[in-house]
Amino acid sequence: MMKTICTLLLCIIVSFAKAQTPDYSAYSYEEYIHNGDTLRYRMLTPLHYDIHKKYPLIVFLHGSGERGRDNAAQLTHGGALFLKDSIRDKYPAFVIFPQLPNDSTWGPFERSDNGRMFPADAPPTASGRLVGELVDSLNKTGKIDTKKVYIGGLSLGGMGTFDLLARYPQKWAAGFPICGAGNVENAKKFKTVPVWIFHGDADPAVPVKGSRDYYAALKGLKAEVKYSEYPGVGHNSWDNAFAEPDLIPWLLSHKRK
């Protein structure tokens with residue numbers, strides 16, 4: 001009797017775990033290769049895709065913990081958001097999640113005793129350059145509304161978002177960096193791109209000052225910028241950002257001029 005009960009409980013636990021794990025099979029496995037460099041990424045195609053239409057493109061950059069070669073871990077945070085029926089039905093778009101190799105970054109920075117240093121004029125990292133090239137390549141397919149291309153990311157990807165906004169401002173219609181940081185001098189380079197910044201004020205990994213400074217700089221430049229700071233929230237402010245009901249509507253309401 002006890003064995004039967006234990007087996008039943010195990011089945012319930014396994015079933016619950018499966019129910020809690022998102023099914024990412026809708027994201028296709030892709031690779032972009034250029035000059036011997038490879039960028040692995042997953043891509044979500046618009047629901048009810050129509051070959052006669054052009055769609056927005058959303059690029060999402062993961063954090064340091066999702067680096068690797070499996071082309072899967074990068075969907076851990078954010079992948080489920082774009083699978084929601086309410087999002088896919090009302091806001092059809094191509095969504096891509098590129099993956100960083102181990103020990104690499106989306107944008108250049110250096111570590112010092114004072115924290116992270118972001119050189120303003122450093123060349124792009126290999127992965128950051130590949131993201132820009134991949135966007136250009138997808139824009140040439142005729143499937144993308146090139147005036148509605150967006151970028152966002154969390155933690156290391158939030159830093160990458162700030163970097164790529166500044167590096168390629170002509171590509172983006174809007175951006176949403178989450179718990180990121182960067183060289184605030186770069187704000188002037190993307191002051192024409194609307195941005196919504198997110199951060200938790202108790203973040204122990206990436207100090208909230210990075211986002212506050214960018215917000216202040218962009219406000220000073222009279223840029224279109226929003227800032228959401230979450231009291232008492234640590235590094236995982238992406239959970240709060242993903243729960244914002246206006247995030248996707250706000251993002252896709254923008255069109256590059």
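Could you look through the stretch 86-145, keep only residues that are on the phi < 0 side of the Ramachandran plot and acidic (D, E), and pick out the one that is most open to solvent (accessible area, probe 1.4 Å)?
Residues of the stretch 86-145 on the phi < 0 side of the Ramachandran plot: 86-102, 104-114, 116-141, 143-145.
So of that shortlist, the ones also acidic (D, E) come out as 89, 110, 113, 121, 133, 136, 145.
Working: D89: 98, E110: 109, D113: 160, D121: 138, E133: 40, D136: 60, D145: 38 Å².
Selected residue: D113.
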_Condition (residue is under 18 Å from the mean Cα position of the chain (by Cα), β-branched (V, I, T), under 17 Å from G128 (Cβ atoms) and assigned to a strand (DSSP E or B)) applied to the stretch 145-161: is it met by at least one residue?_
yes
_Evaluation of D113 against (1) farther than 18 Å from A126 by Cβ; (2) modelled with pLDDT of 95 or more (one fails), failing number_ = (2)
*asked:* Which pairs turn up if I take residues in the stretch 28-53 that are among the hydroxyl-bearing types (S, T, Y) and look for partners that are open to solvent by 50 Å² or more (accessible area, probe 1.4 Å) and assigned to a strand (DSSP E or B) with beta carbon separation below 7 Å, at least 6 apart in sequence or on another chain?
replied: T38/E31; Y41/E30
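It is to be established whether one or more residues within the stretch 166-176 are under 21 Å from L221 (Cα atoms), aromatic (F, W, Y) and either free of Cβ contacts under 8 Å to residues at least 40 places away in the same chain or in a helix (DSSP H, G or I) (or both). Break it down into steps so the answer makes sense when it comes.
Let us first name the residues in the stretch 166-176 that are under 21 Å from L221 (Cα atoms), namely 166-176.
Then drop every residue that is not aromatic (F, W, Y), which leaves 168, 172, 176.
From the residues that got through so far, the ones that are either free of Cβ contacts under 8 Å to residues at least 40 places away in the same chain or in a helix (DSSP H, G or I) (or both) too are 168.
Yes, the conditions are met somewhere in the stretch 166-176.
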_I need the full set of residues from the stretch 224-234 which are assigned to a loop (DSSP other than H, G, I, E, B) and open to solvent by less than 50 Å² (accessible area, probe 1.4 Å), in order please._
V233, G234
_Selection count, the stretch 235-257, where residues are surrounded by 14 or more Cβ atoms within 10 Å (Cβ to Cβ) and not in a helix (DSSP H, G or I)_ = 6
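The values are calculated or read from the model by the stated rules, or taken from the named source; none is laboratory data. Quantities reported herein were computed from a predicted structural model and do not represent experimental measurements. Backbone-built Cβ (ideal geometry, glycine too); neighbour counts: all protein chains shown. Heads up: the accessible areas ignore ligands, DNA and RNA and are worked out on the full protein's heavy atoms, side chains in. Shrake-Rupley method; radii C 1.70, N 1.55, O 1.52, S 1.80 Å.
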